[in-house]
Structure formats: C-alpha cells, structure tokens
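A.B. asks: Below you'll find the structure I mean.
The values are calculated or read from the model by the stated rules, or taken from the named source; none is laboratory data. Because the structure is predicted, anything quoted here is derived from the model rather than measured. Every residue, glycine among them, receives a Cβ derived from its backbone with ideal geometry; neighbour counts consider all protein chains shown. The area values use the complete protein model at the heavy-atom level, side chains included, leaving out ligands, DNA and RNA. Shrake-Rupley method; radii C 1.70, N 1.55, O 1.52, S 1.80 Å.
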Amino acid sequence: MLGLGLNIAKPYMLNEEFDILSIDGLTMWYERGAAILFRQQRVEKWPNHSNLNRIYDLKQSNVSNMPSVSTPDGTDYTFYGTQTLETSTQKDFFEFTVVVTLNLNETAGLTNEGLLGRGLNDLIKLYRGGSPTRVGYKLVGTNYDGNSMSTSYPSGDFVISFTRYPGGESVIRINTEVVETIQTDPADKLRYTQIGSGLLSGVGLDSVVYEIAIFDTDLSNDDLKNVEEYLLSR
C-alpha cells in the first residue's frame, strides 16, 4: 500500500447522540452494507438513504460494469476501471462536503483515480500527475490539482473528506486531519451523476468504497468531525 499513512484511532464522538440525518445539507448517504446485490457478487443498486431523495439512488444495469463484492456481509464495493454506479438525476454543487470511507486497492502507486463526479468533465480525483500524494478536482472540464498533500495515503481503511467553501477554497482531510488545500474558481461547479469514472481517457477508479455522505453545503468543523468520526467508527 501507499506509505505508512495515518492510523485510525478509536473515534471520540463530539456528540454521543450524533445522528448524521440531523446535519443540514445531507443530500446523499450511501450507507455501508446497504447495496442491493446481483447474484451476491456484484452491486446492482446502492440506494440513497430512505429518508433522502430517491432520485439519487445509484444503479448499474450492465453486469460487467457493476462493482464487485468480496466480503460475505456485502459491506465493500470494489470499483475497477469501467465499473460505475450512476444516478438518473444530475446534481450540481458549488459548495459541498463529501466524506468517503475507502481502501485504495493499490500495491505500488496511484494512477488516475476518479472517485465521483460526472464522467470525465467533473471529478473528485485522488491522484493526477507525477506523485502519489496528490488530490484534485475537475470542475466543468477545468483541472485543479493539489501538489502539496502533507501525507501519503494510508494503508487499509480510512476516511477522506472534501469541503469546498463559497470562495472556491477546498480543504481535504484524511482521518480528520487537514492534508491539502486547493483554490478553485467559485464559478466552476461540480456536476455529479456517478461513483467511479468509467476509465475515461485513462481516468479510472481502483478502490474499495464502503460508505459515502454528500452534503450540498460546507459543513462547520464540528459537524464535519462528527461525520468523519461516525464513518470511522463503522
């Protein structure tokens, strides 16, 4: 895996009665272990939480493009190359917070990793360029790449969050610690229709994804830490 990374400590909840559904702006919540499987081997559907809008349910009708499932309890979804899950409705974000629990399925180094977005023109990227410690965005076709991430990606499971503020600044955190900031043009939105990038122009995703929470606002530090630690605890 990629470097020593950050260890996941036992989470300390800022609010012991924390309920992620109580956080304003929660638009999508793809819960750990909630996907609907095809023959118990691949993910056919990953519903948005039942309390949220079902127009953002994730689906894949092409069996060969369905993410794989490798655990008996069906809690991890491995995306590779052309594998994607897609919504029927596009969501445009100017400000957002995206929190993801994942395990990078890499043994040497990251290639182009499109975590989520809208095909090739809009992406949250875990890497682009000549270093395995980069993150970045593609927003309406414009690249914004970070070049100074302060740590390597962790081995094993970790939580990564992306928060974009009204002025276009984006802060990336791994296991609650800030690792990068990227300035983007606030006029450039992130258009979202899918998880995984479908191996477009060499941009694919090779990762196990466990859980995703997406907010259509920039969360406060306390709310963000609660969400991060909640996902870490699961």
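A.B. asks: If you go through the range 11-28 one residue at a time, do you hit one that is modelled with pLDDT of 90 or more, surrounded by 15 or more Cβ atoms within 10 Å (Cβ to Cβ), on the phi < 0 side of the Ramachandran plot and not β-branched (Val, Ile, Thr)? Full working, then the answer.
C.D. replies: Applying the first criterion (modelled with pLDDT of 90 or more) to the range 11-28 yields 19-28.
When the remaining residues are screened for being surrounded by 15 or more Cβ atoms within 10 Å (Cβ to Cβ), the result is 20, 23, 26-28.
Restricting the remaining residues to those that are on the phi < 0 side of the Ramachandran plot gives 20, 23, 26-28.
When the remaining residues are screened for being not β-branched (Val, Ile, Thr), the result is 26, 28.
Within the range 11-28, one or more residues are modelled with pLDDT of 90 or more, surrounded by 15 or more Cβ atoms within 10 Å (Cβ to Cβ), on the phi < 0 side of the Ramachandran plot and not β-branched (Val, Ile, Thr).
A.B. asks: Right, here's the next one. Which of the residues belonging to the range 87-120 are more than 19 Å from Val208 (Cβ to Cβ) and modelled with pLDDT of 90 or more?
C.D. replies: Matches in the range 87-120: Thr87, Ser88, Thr89, Gln90, Lys91, Asp92, Phe93, Phe94, Glu95, Phe96, Thr97, Arg118.
A.B. asks: Is the range 185-196 home to any residue that is at pLDDT 95 or above, open to solvent by less than 10 Å² (accessible area, probe 1.4 Å) and touching a Pro at 6+ places or on another chain (Cβ under 7 Å)?
C.D. replies: No, that holds for no residue.
A.B. asks: Can you tell me which residues in the range 136-184 are polar (S, T, N, Q), in contact with a Ser or Thr (Cβ under 9 Å, 6 or more places away or on another chain) and assigned to a strand (DSSP E or B)?
C.D. replies: First, the residues of the range 136-184 that are polar (S, T, N, Q): 142-143, 147-148, 150-152, 155, 161, 163, 170, 175-176, 181, 183-184.
Subset that is in contact with a Ser or Thr (Cβ under 9 Å, 6 or more places away or on another chain): 142, 147-148, 150-152, 161, 163, 170, 176, 181, 183-184.
Within the range 136-184, Thr142, Ser161, Thr163, Ser170, Thr181, Gln183 qualify.
A.B. asks: Given Val171, Val159, which one is among the aliphatic types (A, V, I, L, M), open to solvent by less than 10 Å² (accessible area, probe 1.4 Å) and either over 19 Å from Glu106 (Cβ atoms) or in contact with a helix residue (DSSP H, G or I) (Cβ under 9 Å, 6 or more places away or on another chain) (or both)?
C.D. replies: Residue meeting the stated conditions: Val159.
Residue-by-condition table, conditions (1) of a type outside the set (A, V, I, L, M); (2) open to solvent by less than 40 Å² (accessible area, probe 1.4 Å); (3) assigned to a loop (DSSP other than H, G, I, E, B); (4) under 19 Å from Phe94 (Cβ atoms):
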{"residue": "Tyr210", "(1), (2), (3), (4)": "yes, yes, no, no"}
{"residue": "Ile214", "(1), (2), (3), (4)": "no, yes, no, yes"}
{"residue": "Leu219", "(1), (2), (3), (4)": "no, yes, yes, yes"}
{"residue": "Tyr230", "(1), (2), (3), (4)": "yes, no, no, no"}
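A.B. asks: State yes or no: is Thr133 hydroxyl-bearing (Ser, Thr, Tyr) and in contact with a Ser or Thr (Cβ under 6 Å, 6 or more places away or on another chain)? Don't jump to the end; show me each part of the working.
C.D. replies: Working: hydroxyl-bearing (Ser, Thr, Tyr): yes; in contact with a Ser or Thr (Cβ under 6 Å, 6 or more places away or on another chain): yes.
Here the answer is yes, as Thr133 does meet what is asked.
A.B. asks: Still on this structure, I have one more. Does the range 135-152 contain at least one residue that is in contact (Cβ under 8 Å) with a residue 60 or more places away in the chain and open to solvent by less than 10 Å² (accessible area, probe 1.4 Å)? Outline the logic, then answer.
C.D. replies: Of the range 135-152, the ones in contact (Cβ under 8 Å) with a residue 60 or more places away in the chain are 151-152.
Now narrow it down to the ones that are open to solvent by less than 10 Å² (accessible area, probe 1.4 Å): none.
No - not one qualifying residue is present in the range 135-152.
A.B. asks: Could you please let me know if Thr176 is of a type in the set (Val, Ile, Thr), within 19 Å of Thr82 (Cα to Cα), open to solvent by 10 Å² or more (accessible area, probe 1.4 Å) and touching a strand residue (DSSP E or B) at 6+ places or on another chain (Cβ under 8 Å)?
C.D. replies: On the way: of a type in the set (Val, Ile, Thr): yes; within 19 Å of Thr82 (Cα to Cα): no; open to solvent by 10 Å² or more (accessible area, probe 1.4 Å): yes; touching a strand residue (DSSP E or B) at 6+ places or on another chain (Cβ under 8 Å): yes.
Criteria not met by Thr176.
A.B. asks: Do you know which residues across the range 77-101 are buried (at least 17 other Cβ atoms within 10 Å of the Cβ), of a type in the set (Ser, Thr, Tyr) and either without any contact (Cβ under 8 Å) to a residue 60 or more places away in the chain or not in a strand (DSSP E or B) (or both)?
C.D. replies: Thr84
A.B. asks: Then there's this: From the list Val208, Val203, which one is within 23 Å of Gly33 (Cβ to Cβ), hydrophobic (A, V, I, L, M, F, W, C) and either in contact with a helix residue (DSSP H, G or I) (Cβ under 6 Å, 6 or more places away or on another chain) or in contact (Cβ under 8 Å) with a residue 24 or more places away in the chain (or both)?
C.D. replies: Of the residues listed, the single one that is within 23 Å of Gly33 (Cβ to Cβ), hydrophobic (A, V, I, L, M, F, W, C) and either in contact with a helix residue (DSSP H, G or I) (Cβ under 6 Å, 6 or more places away or on another chain) or in contact (Cβ under 8 Å) with a residue 24 or more places away in the chain (or both) is Val208.
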